[in-house]
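Chemist: Below is a structure I'd like to ask you about.
The values are calculated or read from the model by the stated rules, or taken from the named source; none is laboratory data. All of these numbers come straight from a predicted model, not from anything done at the bench. Positions of Cβ are backbone-derived with ideal geometry, glycine not excepted, and every protein chain shown enters the neighbour counts. Accessible surface is based on the protein model in full, side chains and every heavy atom, while ligands, DNA and RNA are left aside. Shrake-Rupley method; radii C 1.70, N 1.55, O 1.52, S 1.80 Å.
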Amino acid sequence: MATLTNFLLKPSPDLASITKISPSLHCSFPTNQSFEKLRTFKTNRPLLITKATAAPGVEKKVNKDERIQKVNSMEELDEALQKAKNKLVVVEYAGKDSERSKNIYPFMVNLSKTCNDVDFLLVIGDESEKTKALCRREKIDKVPHFTFYKSMEKIHEEEGIGPDQLVGDVLYYGDSHSEVLQLHSREDVEKVIQDHKMDHKLVVLDVGLKHCGPCVKVYPTVIKLSKQMSDTVVFARMNGDENDSCMQFLKDMDVVEVPTFLFIRDGEICGRYVGSGKGELIGEILRYQGVRVTY
């Protein structure tokens, strides 16, 4: 078992072995590739996409859903993004006759009611010449299409997705209200570890990348566990590609696959798990809490 200081300086060979999982469930980085040139990975899944045309009922409902702001032009979108500042903004591009737009809209309404730290916008792409011009500017030709912004910067987009993927994306990119601590530097990591060195709580550090599909996939499970295990476990998250400090931390930790979960107790790193398997993650957390787990 390596102490925190030693481990941060040089990863322990004893902890280099990681749980191997199916390539379809994790993002792998070629070991001979520099971290500065890391590519982001998306899961290879078929998209059921409807050509942009319209959804009955969406336009009528939007006026009743105060948390969903309807956008009618490029100027209105730009103004809404500027007003949101550093909050997450989720823009849905829908169509008046699109069944998929109609079916996913209620889920966005529910998210808007529970995620008060996120702004939700709706663009009915074929409603007017102005909305058509907006879609052309944003290169939207299929719906439903979701675009995620922070500080007026486009950080993620998806098209043809279902409710589960939408929920996962919103939680991953906009989460600031759960028990999961958001870490933005190596210093943040060291502070969390130091804060819980004496209370003997297990610290579970979720390390990922901004555009990693498996990282998004497992994150709702991390949120649930953070609420259920708050008495004994501290959950934290870091996106390695957020800044240079985070990327250096990944290099020092010898993280070559994401998501990677580091397990830390009493100031010492006692192991890691690589993968997005919900059951496996829960089993590993229980094991490092001293619960006997058999697979």
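Chemist: For residues that are outside any helix (DSSP H, G or I) and at pLDDT 90 or above, tally how many sit in the range 60-81. Can you show your working first?
Modeler: At the first step, the residues of the range 60-81 found to be outside any helix (DSSP H, G or I) are 63-73.
Next cut, at pLDDT 90 or above only: 68-73.
The qualifying residues number 6.
Chemist: Also: For the range 196-222, name all the residues that are surrounded by 20 or more Cβ atoms within 10 Å (Cβ to Cβ), at pLDDT below 90 and among the hydrophobic types (A, V, I, L, M, F, W, C).
Modeler: 212, 216
The rows are residues; the columns are (1) open to solvent by less than 40 Å² (accessible area, probe 1.4 Å); (2) closer than 14 Å to residue 206 by Cα; (3) out of contact with any helix residue (DSSP H, G or I) (no Cβ under 9 Å at 6 or more places or on another chain); (4) part of a helix (DSSP H, G or I).
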| position | (1), (2), (3), (4) |
| --- | --- |
| 230 | no, no, yes, no |
| 246 | yes, yes, no, yes |
| 271 | yes, yes, no, no |
| 286 | no, no, yes, yes |
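Chemist: Output yes when any residue across the range 200-214 is basic (Lys, Arg) and either in a strand (DSSP E or B) or within 29 Å of residue 120 (Cα to Cα) (or both), and no when none is. I'd like the intermediate steps shown before the answer.
Modeler: Looking only at the range 200-214, we keep the residues that are basic (Lys, Arg), and these are 201, 210.
With the extra rule that they be either in a strand (DSSP E or B) or within 29 Å of residue 120 (Cα to Cα) (or both), the set shrinks to 210.
Scanning the range 200-214, I find at least one residue that is basic (Lys, Arg) and either in a strand (DSSP E or B) or within 29 Å of residue 120 (Cα to Cα) (or both), so the answer is yes.
Chemist: Moving on to the next point. Residues of the range 82-95 being assigned to a helix (DSSP H, G or I) and crowded, with 17+ Cβ neighbours inside 10 Å, which ones? Walk me through how you get there before you give the answer.
Modeler: Initially, the range 82-95 is screened for residues assigned to a helix (DSSP H, G or I), giving 82-84.
Hit for the range 82-95 is 84, nothing else.
Conditions (1) of a type outside the set (A, V, I, L, M, F, W, C); (2) touching a Ser or Thr at 6+ places or on another chain (Cβ under 8 Å), marked per residue:
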{"position": "80", "(1), (2)": "no, no"}
{"position": "85", "(1), (2)": "yes, yes"}
{"position": "98", "(1), (2)": "yes, yes"}
{"position": "106", "(1), (2)": "yes, no"}
{"position": "111", "(1), (2)": "no, no"}
{"position": "115", "(1), (2)": "no, no"}
{"position": "121", "(1), (2)": "no, no"}
{"position": "139", "(1), (2)": "yes, no"}
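Chemist: Looking only at residues that are closer than 17 Å to residue 107 by Cβ, in contact with a Leu (Cβ under 6 Å, 6 or more places away or on another chain) and not hydroxyl-bearing (Ser, Thr, Tyr) in the range 147-176, which one is modelled with the highest pLDDT?
Modeler: 170
Chemist: Continuing with this model, one more query. In this structure, is residue 276 touching a residue at least 24 places away in the same chain (Cβ under 8 Å) and crowded, with 17+ Cβ neighbours inside 10 Å? Walk me through how you get there before you give the answer.
Modeler: Numbers: touching a residue at least 24 places away in the same chain (Cβ under 8 Å): yes; crowded, with 17+ Cβ neighbours inside 10 Å: yes.
It is true that residue 276 is touching a residue at least 24 places away in the same chain (Cβ under 8 Å) and crowded, with 17+ Cβ neighbours inside 10 Å.
Chemist: Quick one: would you say residue 98 is farther than 18 Å from residue 80 by Cα and buried (at least 22 other Cβ atoms within 10 Å of the Cβ)? Give the derivation first.
Modeler: Working: farther than 18 Å from residue 80 by Cα: yes; buried (at least 22 other Cβ atoms within 10 Å of the Cβ): yes.
For residue 98, the condition - farther than 18 Å from residue 80 by Cα and buried (at least 22 other Cβ atoms within 10 Å of the Cβ) - is met.
Chemist: Considering only residues of the range 251-261 that are more than 16 Å from residue 223 (Cα to Cα) and in a strand (DSSP E or B), which is most open to solvent (accessible area, probe 1.4 Å)?
Modeler: First pass over the range 251-261, keeping only residues more than 16 Å from residue 223 (Cα to Cα): 251-258.
Keeping just the survivors that are in a strand (DSSP E or B) gives 257-258.
Details: 257: 26, 258: 0 Å².
My answer is 257.
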